[in-house]
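Since the structure comes first, as structure tokens, the remarks are kept for the end.
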Amino acid sequence: MRRVQAVGYSTLSVSIPKRWAERVGLRKGSTVTMVELPGGALLLLPEALAGAGGASRARLELPGATGSEVIQGVIALYEAGYDVIEVAAPPGALEELRRSLGRRLVGVEVFAEGGGQLVLRVMVDHSSLSARAILGRMVELVERALGELRGYAADGDRERLRRVVEGDDELDRLYFLLARQVIVCLRRSDLLYASGFSSGLELLPLLHYGKALERMGDTLTQAAMYMAHFPRALSAEHVEIMLRALRLADGAFWGDPMAPARELMLLRGSFLGALGPRDVLGDPLLSLVANFLALCLDAVDSRVELEAVRRSLRP
């Protein structure tokens, strides 16, 4: 127990244990980060624990790679939390990378180039990001794609199918950003606690939920591409079933999961029971609807996982 002291007219101070300060490398003039936790407690973090310091740097050398291979390598390093990424690759692959940056990744710019390489810098302020906000935006994009498919069932405007396919890029960008945010929070205790989490274990179910949403977008893109090549459309009824399932899954993840999960299972059972497995498996579009509903159940599983983690952390 330590007593709070007054320093001047407007500042309060409290001493810290000398042995702890020596162990974490604190000395006169050192910088510390103070984070207010959700319950009102104040967390004190030295630079080393707060993740302060120079930007992390990685180098990617792929002398014989294609553009898609280079892009996948950069995405992996982006998700891993690197701030500066040096890329050495064939000129054509580097040009393809340059063209795809804005479409595939959030906050990445070309910082320098020449000598057969690009130097990329990630300009993302992780302290202002919220995993919940990212996931909320992903849900909005899936809802938008479902709205386009519902509109196509009504008016047959093929431009709607193109918008579904193009919108999937934005969903991918947000998932890559979510994965990066999770990794950075795992490395930086100040961001983890400032985001309202008491353990990095709580972040993994959020990432699993994000992956389910990203795969939902892939499923709707496949449906749009199929409809673009064949004179068929999903019925408005089936689109409404998917929209209802998505909203139930999202409600289950952020709230009490029991009632939404039961309703979602009944919804899926009703869809499969009305058609029969043979009809669903024999129809590409109906198979995609069934896959979408399964991914909604995966989202509920992520909520169950989150609750299990939180219970394990309770004293």
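The values are calculated or read from the model by the stated rules, or taken from the named source; none is laboratory data. From a predicted model like this one, the values you see are computed outputs, not experimental measurements. Quick reminder, even Gly has a Cβ in these numbers, built from the backbone with ideal geometry, and neighbours come from all protein chains shown. Heads up: the accessible areas ignore ligands, DNA and RNA and are worked out on the full protein's heavy atoms, side chains in. Shrake-Rupley method; radii C 1.70, N 1.55, O 1.52, S 1.80 Å.
Table for the structure above
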| read-out | value |
| --- | --- |
| Members of region 116-143 that are within 17 Å of residue 212 (Cβ to Cβ) and among the basic types (Lys, Arg) | 132, 137 |
| Answer residue from region 64-87, given it is in contact with a Pro (Cβ under 9 Å, 6 or more places away or on another chain) and open to solvent by less than 20 Å² (accessible area, probe 1.4 Å) and is farthest from residue 122 (Cα to Cα) among those | 65 |
| Close pairs from region 287-306: first closer than 11 Å to residue 245 by Cα and at pLDDT 95 or above, partner open to solvent by less than 10 Å² (accessible area, probe 1.4 Å) and among the hydroxyl-bearing types (Ser, Thr, Tyr), Cβ under 8 Å, at least 6 apart | 292/219; 295/219 |
| Selection within region 95-114 - more than 26 Å from the chain's Cα centre (by Cα) and either surrounded by 17 or more Cβ atoms within 10 Å (Cβ to Cβ) or in contact (Cβ under 8 Å) with a residue 24 or more places away in the chain (or both) | 95 |
| Single unsatisfied condition, residue 232 versus (1) modelled with pLDDT of 95 or more; (2) basic (Lys, Arg); (3) exposed (fewer than 14 other Cβ atoms within 10 Å of the Cβ) | (1) |
| Region 181-193 residues that are in contact (Cβ under 8 Å) with a residue 40 or more places away in the chain, paired with ones that are open to solvent by 60 Å² or more (accessible area, probe 1.4 Å) and assigned to a helix (DSSP H, G or I) (beta carbon under 7 Å, 6 or more apart) | 189/49; 191/127 |
| Region 118-136: number of residues that are within 19 Å of residue 246 (Cβ to Cβ) and surrounded by fewer than 15 Cβ atoms within 10 Å (Cβ to Cβ) | 3 |
| Residue list for region 189-209, restricted to those being under 16 Å from residue 311 (Cβ atoms) and of a type in the set (Ser, Thr, Tyr) | 198, 199 |
| Complete set of residues in region 227-247 that are over 16 Å from residue 290 (Cβ atoms) and within 27 Å of the chain's Cα centre (by Cα) | 247 |
| Residue 5 being surrounded by 10 or more Cβ atoms within 10 Å (Cβ to Cβ) and either modelled with pLDDT under 60 or in contact with a strand residue (DSSP E or B) (Cβ under 6 Å, 6 or more places away or on another chain) (or both) | yes |
| Among the candidates 210, 147, residue that is open to solvent by less than 20 Å² (accessible area, probe 1.4 Å) and either modelled with pLDDT of 95 or more or closer than 16 Å to residue 81 by Cα (or both) | 210 |
| All positions within region 151-172 that are assigned to a helix (DSSP H, G or I) and either buried (at least 20 other Cβ atoms within 10 Å of the Cβ) or of a type in the set (Asp, Glu) (or both) | 152, 155, 159, 160, 161, 164, 166, 168, 169, 170, 171, 172 |
| Failed item, numbered, when residue 279 is tested on (1) closer than 16 Å to residue 223 by Cβ; (2) open to solvent by 60 Å² or more (accessible area, probe 1.4 Å) | (1) |
| Flag if residue 214 is closer than 15 Å to residue 288 by Cα and of a type in the set (Asp, Glu) | yes |
| Check on residue 224, under 15 Å from residue 138 (Cα atoms), buried (at least 22 other Cβ atoms within 10 Å of the Cβ) and of a type outside the set (S, T, N, Q) | no |
